[in-house]
Amino acid sequence: MITDYRTKVLFLLFVLFVIFLGTFGTLITIPVLLLVIVVLSTFATTFYGSGWTPSSRQSIERILKEIRPKKGDIIYDLGSGDGRFVIAAAKQTNAKIIGLEIDFFKWLMSSLAIKIKGLGNAKIIRKNFFTYNFHDADIIFIYLPQPTVDRLQERLKKLRKGTLIVTNKIKCKSLKLTKELKPEKIYIYSTK
Ligand SMILES: C[S@@+](CC[C@H](N)C(=O)[O-])C[C@H]1O[C@@H](n2cnc3c(N)ncnc32)[C@H](O)[C@@H]1O
């Protein structure tokens, strides 16, 4: 008798897989299975802090023009998605750009894109930003839902003096706003 909840779900999925395989054959079952895994993995990130809504190219360009990172600066994108901010920042600056992304497929695709483009100053780490230590950051970019930003605020406040925190659309209520970029709704904060 299976008592563990996760084992029960896995067992049920295995039974469904065998029935599907018997009915439709490998040619249909394998692609469908892969699709289900990718979709489930993408939606699962909502429970970790956010689903996937990418920043617009226009917002990214505006941010990079405004913050002008220096050579050697360390920039983090908390929840880097398809890596578009990381890639744009790595192309346009001499800073070191690190994306933290929990979803395996987004981590894989964005890491491959960085390799193919030969961007030596960028990398994506497959980690949860709630547990990863980003204390060495000079700049942090965030495009996440309000409750997730609220949860991060205490850690953001404790970053070293002068760290820039750039948020897309969402405000950090407990940090002092330095600048707002309109109409994109980009908010720039600096720690005291
Ligand atoms: C709204 S998207 C933003 C993507 C990217 N920063 C951009 O601006 O285009 C948020 C991303 O955070 C990822 N994510 C959600 N919770 C996370 C967590 N706890 N740790 C790391 N990544 C997470 C999601 O998988 C998703 O790709």
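Readers should treat all values here as calculations from the given coordinates under stated rules, not as data from a laboratory. Values in this document were obtained by computation on a predicted structure and should not be read as measured data. Here Cβ is always computed from backbone atoms with ideal geometry, including for glycine, and neighbour counts include all displayed protein chains.
The table that follows gives values for the structure above.
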read-out: Ranked list, fewest to most other Cβ atoms within 10 Å of each Cβ, for Ile116, Ile87, Ile170, Ile30; value: Ile116, Ile30, Ile170, Ile87
read-out: Three-way shape call for region 1-108 based on the alpha-carbon gyration tensor, with the a/c threshold at 1.5; value: prolate
read-out: Extension gain from Leu27 to Lys117, taking 0.36 nm per residue of separation minus the Cα-Cα distance; value: 29.1 nm
read-out: Ranked list, fewest to most other Cβ atoms within 10 Å of each Cβ, for Glu180, Glu101, Glu66; value: Glu180, Glu66, Glu101
read-out: Burial ordering of Asp103, Asp82, fewest other beta-carbon atoms within 10 Å first; value: Asp82, Asp103
read-out: At 1.567 mPa s and 4 °C, Stokes D of the chain from Kirkwood alpha-carbon radius, µm² per second; value: 71
read-out: Distance between modelled label sites at Lys171 and Phe17, nm, 7 Å Cα→Cβ extension; value: 4.9
read-out: Contact order relative to length of region 57-190, as percent, for alpha carbon pairs under 8 angstrom and 6 or more apart; value: 21
read-out: Protection-proxy order for peptides 136-146, 47-57, each taking the mean of Cβ atoms within 10 Å per residue, highest first; value: 136-146, 47-57
read-out: Spatially proximal aspartates and glutamates relative to Lys71 (Cα-Cα < 14 Å; intrachain offsets below 8 disregarded); value: Asp138
read-out: Given Lys115/Lys158; Lys96/Lys127; Lys91/Lys192; Lys106/Lys192; Lys123/Lys173; Lys106/Lys182, the pairs whose alpha carbons are separated by over 27 Å; value: Lys115/Lys158; Lys91/Lys192; Lys106/Lys192; Lys123/Lys173; Lys106/Lys182
read-out: At 1.002 mPa s and 20 °C, Stokes diffusion of region 1-57 via Kirkwood alpha-carbon radius, µm² per second; value: 157
read-out: Local electrostatic count at Arg126 - Lys and Arg +1, Asp and Glu -1, tallied over other residues with Cβ under 10 Å; value: 0
read-out: Theoretical gain in end-to-end length, Ile37 to Val9 [0.36 nm per residue, Cα-Cα removed]; value: 8.7 nm
